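Q: Starting off with a structure, shown below.
The values are calculated or read from the model by the stated rules, or taken from the named source; none is laboratory data. Just so it is clear, the model here is predicted, and its values are computed rather than measured. As a convention, Cβ positions derive from the backbone with ideal geometry for all residues, glycine included, and neighbour counts pool all protein chains shown. The protein model used for the area step is the full one, side chains on, heavy atoms only, and it has no ligands, DNA or RNA in it. Shrake-Rupley method; radii C 1.70, N 1.55, O 1.52, S 1.80 Å.
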Amino acid sequence: TNPGFVVRITQAGLDYAHQQGITILEKELSQLKLSDISGDSRVGRVGKVHYELSRLRLRDFHLPYSRITPISNVGLQVSISNAFAELDGDWRVKFLFVRDHGSFNLKVENVYIKISLRLGSDASGKPTISTSECSARISKVRVLFSGRLGWLYNLFHRAIESRLRKILEEKVCVIVDKSVQNELQKYVQTLPVTARIDNKTGIDYSLVAPPRATAQSLDADLKGEFYSLAHRSTVPFSPLPLAFPSDHDRMVYFGASSYFFNTAAIAYHEAGALVFEITENMIPKDAGFSLDTSIFSAFIPQLEEMYPNMPMKFRLSTPTAPFLTIGPGGISLKPTVDAQAYAILPDGSLAPLFLLSLVRNVSAVINVRSGHIVGSLDVGRIRLSLKDSAVGTFEVRMMQSLMNILTSSTLLPRLNARLDEGFPLPLLDRIQLSNTLVRFHQNFLLLGADVHFQPR
């Protein structure tokens, strides 16, 4: 299934996400808890040294060098090198008739960690992430004991260093797995797979396939489909494949296809939201006319005889959902609107007068603001034709300027006010966009942005 909406995270975006993740992992590792350790170390034929380590405290755990790499058809790989940590605690030792105790300091250096992350999706279309592999290797452990009996410490320090190295290597991967499960997996699940727009429509942002890694990015294919909240029907056409460009200047890119926007037209049309009424109180004061039969009697003389000086109203509706096209030159559409004119009788009832068909060239300006796609429409001149009349035939060409003023001064501001509220982009929790760009390609709109994560 081709996606209606694509999200691409570039290497720059992965690097930024990786920095945030490493900060969390560093914090998790610095809180690592170690149990007391005891054991015996044999000293030739003389006997055994019995040692006990207690109150082990990890002071810090630093991950200064790391990188994240997308591995095609596999997932993400995180490599950490030259990490180091420091640990202290108390020791107690017994050898023959000698007993001693004190404190110690342990320096762990040259820690190498390799983490492989598997990407997937659950039944609801939300992304999933898990640890598929983790290995940790510590090449250098140095323990420093306080005290005066240097010869005694030399009897067992190698055994302690070896045990602590093995324990720490195992614990690191336990912490990594826990951090991925408790932090990263929970966070990626904040991606909204449905976004309610208003009381009529919503957007389906569920994944149509698991996220896929390429050599340079991480791509997520989303359904990208508007739907009516009252009744969700099957869209009568399919998304076209998107020839995504190889832009990498921004951290994240969104590809919104013509399918995405055209399903919005279907959803709003099915929800009855593309019906507008123009009445007298909506006419701007500086328009220079009132919406009544007297203004139209100049074009339709018989109107003055049948309904003299009566207020009027227009009911505008789209006979079919208006579809747009996207190309390198921008967004354009040519909607057909039916305009039914009524006379408002003294008792408040409506007398149908005539039905016009309005065809107009419309172009759109698109931008990104506060995580929403926002826009505004610009319109050309109307072309009119008469579809039906209860007041006889008349020349519609003479009414063109008047209808142009009516729709431009009343309908267009309402549509632009709605478009200015915007439609939410599929963003994880606490993500803000900046440095946005908008570009038009064949059959889709490309939005690029840098990302800022707002910690709690």
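Q: So, restricting to strands (runs of 3 or more DSSP E) that lie completely within the stretch 228-334, which ones have at least 1 residues that are open to solvent by 60 Å² or more (accessible area, probe 1.4 Å) and not assigned by the TED database to the domain that holds ASP347?
A: Answer list for the stretch 228-334: none.
Q: Read through the list (1) among the small types (Gly, Ala, Ser); (2) modelled with pLDDT under 95; (3) more than 25 Å from PRO426 (Cα to Cα), then give the number of the only condition that SER332 fails.
A: Only one criterion is unmet by SER332, namely (3).
Q: Which residue out of PHE244, PHE323, PHE261 is closer than 28 Å to VAL451 by Cα and either modelled with pLDDT of 90 or more or small (Gly, Ala, Ser) (or both)? Break it down stepwise before answering.
A: Details: PHE244 fails: either modelled with pLDDT of 90 or more or small (Gly, Ala, Ser) (or both); PHE323 fails: closer than 28 Å to VAL451 by Cα.
Criteria check complete, one pass: PHE261.
Q: Moving on to the next point. Working only within the stretch 200-227, note down all residues that are β-branched (Val, Ile, Thr), over 20 Å from ALA17 (Cβ atoms) and part of a loop (DSSP other than H, G, I, E, B).
A: Listed by number, the list holds a single entry, VAL208.
Q: Looking at ARG397, ARG414, ARG360, can you tell me which residue is assigned to a strand (DSSP E or B), of a type outside the set (Val, Ile, Thr) and assigned by the TED database to the domain that holds TYR253?
A: Of ARG397, ARG414, ARG360, the one residue that is assigned to a strand (DSSP E or B), of a type outside the set (Val, Ile, Thr) and assigned by the TED database to the domain that holds TYR253 is ARG360.
Q: Just wondering, is there one or more residues in the stretch 416-428 that are among the charged types (D, E, K, R) and touching a Pro at 6+ places or on another chain (Cβ under 8 Å)?
A: Within the stretch 416-428, not a single residue is among the charged types (D, E, K, R) and touching a Pro at 6+ places or on another chain (Cβ under 8 Å).
Q: Would you mention how many residues in the stretch 434-448 are among the hydrophobic types (A, V, I, L, M, F, W, C) and open to solvent by 40 Å² or more (accessible area, probe 1.4 Å)?
A: 2
Q: When you check ARG381 against the structure, is it open to solvent by 30 Å² or more (accessible area, probe 1.4 Å), in a strand (DSSP E or B) and at pLDDT below 90, yes or no?
A: Answer is yes for this residue.
Q: Testing TYR51 on (1) surrounded by fewer than 15 Cβ atoms within 10 Å (Cβ to Cβ); (2) farther than 30 Å from LYS186 by Cβ, one condition comes back false. Which one is that?
A: That leaves (1) as the condition not met.
Q: Which count do you get for residues in the stretch 229-245 that are within 21 Å of the chain's Cα centre (by Cα) and among the hydroxyl-bearing types (Ser, Thr, Tyr)?
A: Total satisfying the criteria: 0.
Q: Quick one: is GLN185 surrounded by fewer than 20 Cβ atoms within 10 Å (Cβ to Cβ), modelled with pLDDT of 95 or more, in the same structural domain as GLY89 (by the TED database) and out of contact with any strand residue (DSSP E or B) (no Cβ under 6 Å at 6 or more places or on another chain)?
A: no
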